[in-house]
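Here is the structure we will look at, set down as structure tokens.
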Amino acid sequence: MDYSRADTYMEGAFLLIDKPLKWTSFDVVNKIRKTLCQQLGIRKIKVGHAGTLDPLATGLVIICTGGATKKISRFQEMEKTYEAEIQLGATTPSFDLETMVDRVYPWEHINLPLVEEVLAEFKGEHEQLPPVFSAKSVHGKRAYESARRGETVELLPVRIHISKLEITHFALPHLSVRVECSKGTYIRALARDLGIALGSGAHLTGLRRTVIGPYQVKNAFAPDNFFNKLKLL
């Protein structure tokens, strides 16, 4: 791919970006659009992302430009892989660190065999209730907008598929897992459900998306590296 040509992006390109912590997926889209216009003299260009990643998550985001934005749905349908860090024994309203701990639970009864047994139950196809602190649309508004105002949000369960779920680190009350899953899977909701299944509580303390279909984060640009590459052309 010739990064120096404006028509490369206008005709259609996709970029692998390693999203930094606290950036939204839309931050990545907006900054790339602005940089392409400023550095390559493009007046107007379509730019979109193929799958939202929470601000408190890092990792792979696929950005499509120009004609490639028509292929966004193809990327969205691909299976994803995540590395997740979970704390047992406590919950938060958002199921991650966006909100403060609201309840604590005993976790001393939990051991490795129990966790392995419970994780096996989450593999395969099942219904998952999305978090209210999510970008799901409810009556024309993002669910998180209503949740942050303290309003009641009612969401419907979504059919998801988890093909792999394995422990990568175990040191109670902390647990790290690798998850390979379908479109629409919320790892925060998985943490919530895991805590309940273990007779405790749980929330997500870290999340990184490493793979989307055949694409890997190790081949992705950090945003600043991509911006600097354009500036040096």
Among 123/218; 34/80; 34/70; 44/80; 22/80; 164/218, the pairs whose Cα-Cα distance exceeds 23 Å are 123/218; 34/80; 44/80
Neighbours of residue 51 by Cβ distance under 13 Å: Lys/Arg at +1, Asp/Glu at -1, summed charge +3
Residue farthest toward the positive end of the dipole of the chain, with Cβ of Lys/Arg at +1 and Asp/Glu at -1: which of 55, 191, 26?
26
Among 27, 96, 54, residue whose mean-square fluctuation peaks in a GNM of the chain (springs only between Cα atoms under 10 Å)
27
Environment charge at residue 118 (Cβ cut-off 14 Å; Lys +1, Arg +1, Asp -1, Glu -1)
-3
Only residues of segment 21-45 count here: report those whose backbone N is under 20 Å from the spot 7 Å along Cα→Cβ of residue 222, or say none.
21-33, 35-36
Tell me, what is the percent relative contact order of the chain, built from C-alpha pairs under 8 Å that lie six or more residues apart?
28
Using a Förster distance of 41 Å, how high is the FRET efficiency between residue 125 and residue 100, based on the Cβ-Cβ distance and rounded to 0.05?
0.75
Expected 222 nm ellipticity per residue - DSSP helices of 4 or more, -39500 (n - 2.57), all of the chain, to 500:
-8000 deg cm²/dmol
Residue by residue through segment 183-199, the couplings from Karplus 6.51 cos²θ - 1.76 cosθ + 1.60 with θ = phi - 60°, in Hz, x for Gly and Pro, are 4, x, 7, 9, 5, 4, 5, 4, 4, 4, 5, 5, x, 5, 5, 8, x
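A short reminder: the numbers here are calculations on the coordinates, not readings from a lab. Bear in mind the structure is a predicted one, so any value in this text is a computation, not a measurement. Positions of Cβ are backbone-derived with ideal geometry, glycine not excepted, and every protein chain shown enters the neighbour counts.
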